[in-house]
Amino acid sequence: MEKMEIWNNLYKPPTTALKTIRGGRLSGMTDIKPIWRYEALTKQFGPCGIGWKFHTIKTWTEQGPFDTVMVFVTLEFFFKFEEKWSDAIEGTGGSTLIAKEKSGLRGSDEAYKMAMTDALGTAVKMIGVGGAIYAGKFDGSKYIDEPKQQTPVLATEDQQNQIRVALAETTLLVDEFLATAKLKSIDEFTQDRVSATLKYLAGLPKREQETVGQG
């Protein structure tokens, strides 16, 4: 298996697995539906408990401002690879247990579950789960295409000849020149390298011109 295979398989959630956050300080940002994470992990490694698993390490609460209370969970995530369990991948997540609203304080019976879901999402990011979202590759409605790398254009025959002439005027041997350029032939030069190459050759010591004696 290639080093990036697992990462690439888990990197890009389908748009149906995404939702826009409404309200709060993260309003407008994109979130991943937890069920997709579990589905993606199961497709990659097998069922939970057999191909992947997690252990809760610590659960605690902390007092927030205005009598609010936060709950946090730290867990360790494991996945099976080539019949061996991975080392632990730690993740910590949190949620609001007691929130302050206009009508007063409100407790949440979902807070511990949400904190655990958040912690697991943090851990599995380390192997690429939903990485495209965290990398900002989704604009809220569609994925942003990666810029395509342009294939370098080979130098024209005239440009190749300019390089040959300039090289012939120096003391540098052809084999040494090609080795420095990491090419096998002058025909392999690309147009984006011609100008710098000619400038480089112009700065080298010149070969002495042979003189023909008159008798």
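What follows is calculated from the coordinates using simple rules that are stated; it is not laboratory data. Owing to the predicted nature of the structure, the values given are computational and were not obtained by experimental measurement. As a convention, Cβ positions derive from the backbone with ideal geometry for all residues, glycine included, and neighbour counts pool all protein chains shown.
How many of the residues in the stretch 57-73 are farther than 15 Å from Thr96 by Cα and surrounded by 14 or more Cβ atoms within 10 Å (Cβ to Cβ)? Outline the logic, then answer.
To start, the set of residues in the stretch 57-73 that are farther than 15 Å from Thr96 by Cα comprises 57-58.
Remaining after also requiring surrounded by 14 or more Cβ atoms within 10 Å (Cβ to Cβ): 57.
Total meeting the criteria: 1.
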Subset of the stretch 19-35 that is touching a residue at least 40 places away in the same chain (Cβ under 8 Å) and touching a helix residue (DSSP H, G or I) at 6+ places or on another chain (Cβ under 7 Å) - its residue that is farthest from Lys137 (Cα to Cα): Pro34
Identify the single condition in (1) within 18 Å of Gly131 (Cβ to Cβ); (2) out of contact with any Ser or Thr (no Cβ under 7 Å at 6 or more places or on another chain); (3) not in a loop (DSSP other than H, G, I, E, B) that Lys12 does not satisfy, given that it satisfies every other one. (3)
Could you tell me whether Asp87 is in a loop (DSSP other than H, G, I, E, B) and among the acidic types (Asp, Glu)? yes
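In this structure, does Phe72 turn out to be more than 25 Å from the chain's Cα centre (by Cα), on the phi > 0 side of the Ramachandran plot and not β-branched (Val, Ile, Thr)? Full working, then the answer.
Values: more than 25 Å from the chain's Cα centre (by Cα): yes; on the phi > 0 side of the Ramachandran plot: no; not β-branched (Val, Ile, Thr): yes.
No.
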Could you tell me which residue of the stretch 105-137 is surrounded by the most Cβ atoms within 10 Å (Cβ to Cβ), considering only residues that are in a helix (DSSP H, G or I), without any contact (Cβ under 8 Å) to a residue 24 or more places away in the chain and more than 21 Å from the chain's Cα centre (by Cα)? Met114
Suppose the filter is among the small types (Gly, Ala, Ser) and closer than 30 Å to Ile6 by Cβ; does Gly91 pass it? yes
